[in-house]
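Q: Provided herewith is a single structure, encoded as structure tokens, for subsequent inquiry.
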Amino acid sequence: MAGNVWNGELLLDDFMARLPLAQTTVDLDVERRGEPGLLARLLHDSATRVMFVDRGAVAVPRQEVTAAPAALDCADDPAAPRPDAVAPQDMLELATLSVVALHGDVDRLAPYVIYLGTERASVGNAGSCAGAEIGDAAASYVALDVSRAFRASVDLGVSRDAFGWVELRSFAPCASARDAGLATSAVAVAMWHDQQRCCPFCGAPVSPTLGGWAQTCTNPDDADRLLFPRIEPAIITAIVDDADRILLQNNSAWRERFFSVSAGFVEAGESLEHAVRREAHEEVGVELDTVGYRGSQPWPFPASIMLGFRAHACTTDIRVDHNEVASARWFSRDELVQAVASGEVELPGRASIARHLIEEWFGASLP
Ligand SMILES: [Zn+2]
């Protein structure tokens, strides 16, 4: 593609590797979730590592939180009430405890635990395949769902104040692939439990099962009904024209200077490609010809997966709906650099697929 080299900087490649919430080194170990007594067994195994999740936030060691608490609110949410919030920039890691560090009878915690899987960490001779196999030790990870335990007045066995708390969108770009993967899984499942407290078929309370990844209905008349998280697909598209300009829009619900690419939920019974064309037509009045898939990342706020596309516009006249979209503009690379430098335009945060679609078009990281 022409114009992908900018100012001598290298072309960005490996789109998926740049998406913070798509990274993981953890084996989800799905087949073990159905083992009877799995969570109780993990809670009595001193090798199990426990991390802590509270809806959209995860616990980090308290000393790692150097920014003021307000700054740890999500800086990547364009509708967030704190537009001045600054996301942490330093490397962050999850606070993980051995179950031995939790006070009291750990069995009480089992209903509030999510089995996140294992990571095989080699402790053998890294230079020798045979040595690595002999020395491999798999660590099991579980998440303790803090808000659900609090609602049930269950003592966590450790003070919530013992940790710093960071929102996933601020945490993941600063974390290792392992910790980003653990945190994203934990937030996605915790958000689902937070949102779905009753059976959507009969209204009875639900109880967690399958290692915390599913629920069963407690109504005897609706016995054995198994409920899984419902994931809401959303498309997001970098729209580019013949002059290699990108179309960015400001939505009515966002801060005034915040500009991003076209996005929206996929309608029931609709293909992803149709959703890409429909959103562009509805929001900014632009017609698309070629549409190509780029990659995806989970976006559990509360339950989305973002499916990223790049599309070519065959019309360039903009007609915003003035309902969902307040304004939209074509930007050349020069114009975007100037608009960002002057503060006229604020771009999506590092956690978002929108940011990486824009940077992929730009050909380099943007400030
Ligand atoms: Zn039910």
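Q: Scan region 219-244 for residues that are surrounded by 13 or more Cβ atoms within 10 Å (Cβ to Cβ) and of a type in the set (Gly, Ala, Ser) and report the count.
A: Residues flagged as surrounded by 13 or more Cβ atoms within 10 Å (Cβ to Cβ) and of a type in the set (Gly, Ala, Ser) within region 219-244 amount to 2.
Q: Within region 291-303, which residues are assigned to a strand (DSSP E or B) and surrounded by 18 or more Cβ atoms within 10 Å (Cβ to Cβ)?
A: 291, 294, 295, 296, 297, 298, 299
Q: Right, something else. Scan 307, 288, 247 and give me the residue that is surrounded by 14 or more Cβ atoms within 10 Å (Cβ to Cβ), of a type in the set (A, V, I, L, M, F, W, C), modelled with pLDDT of 95 or more and closer than 21 Å to residue 169 by Cα.
A: Checking each option against the conditions leaves just 307.
Q: Kindly establish whether residue 104 is modelled with pLDDT of 60 or more, assigned to a loop (DSSP other than H, G, I, E, B) and closer than 27 Å to residue 206 by Cα.
A: It is true that residue 104 is modelled with pLDDT of 60 or more, assigned to a loop (DSSP other than H, G, I, E, B) and closer than 27 Å to residue 206 by Cα.
Q: Of all the strands (runs of 3 or more DSSP E) wholly in region 182-247, which have at least 3 residues that are touching a residue at least 24 places away in the same chain (Cβ under 8 Å), under 26 Å from residue 299 (Cβ atoms) and more than 10 Å from the ligand (Cβ to nearest atom)?
A: Those strands (runs of 3 or more DSSP E) span 232-240.
Q: Between 302, 298, which is under 30 Å from residue 194 (Cα atoms) and modelled with pLDDT under 95?
A: Among 302, 298, only 302 is under 30 Å from residue 194 (Cα atoms) and modelled with pLDDT under 95.
Q: Look through 321, 334, 289 and report the one residue that is free of Cβ contacts under 8 Å to residues at least 12 places away in the same chain and farther than 28 Å from residue 57 by Cβ.
A: Only one candidate passes the filter, namely 334.
Q: While we're looking at this one, here's another question. Go over the candidates 330, 254 one by one and state the one that is more than 20 Å from the chain's Cα centre (by Cα) and either in a loop (DSSP other than H, G, I, E, B) or over 30 Å from residue 55 (Cα atoms) (or both).
A: Residue meeting the stated conditions: 330.
Q: Quick one: in region 263-285, which of the residues that are over 19 Å from the mean Cα position of the chain (by Cα) and not in a helix (DSSP H, G or I) is surrounded by the most Cβ atoms within 10 Å (Cβ to Cβ)?
A: Here the answer is 285.
Q: Applying the selection to region 110-142, what residues are touching a strand residue (DSSP E or B) at 6+ places or on another chain (Cβ under 6 Å), closer than 18 Å to residue 46 by Cβ and at pLDDT 95 or above?
A: Selection gives 113, 115, 116, 118, 140, 141, 142.
Q: Keeping to region 314-335, report how many residues are surrounded by 14 or more Cβ atoms within 10 Å (Cβ to Cβ), at pLDDT 95 or above and among the acidic types (Asp, Glu).
A: Residues meeting the conditions: 1.
The values are calculated or read from the model by the stated rules, or taken from the named source; none is laboratory data. Not measured: the values here are computed from a predicted model. Every residue, glycine among them, receives a Cβ derived from its backbone with ideal geometry; neighbour counts consider all protein chains shown.
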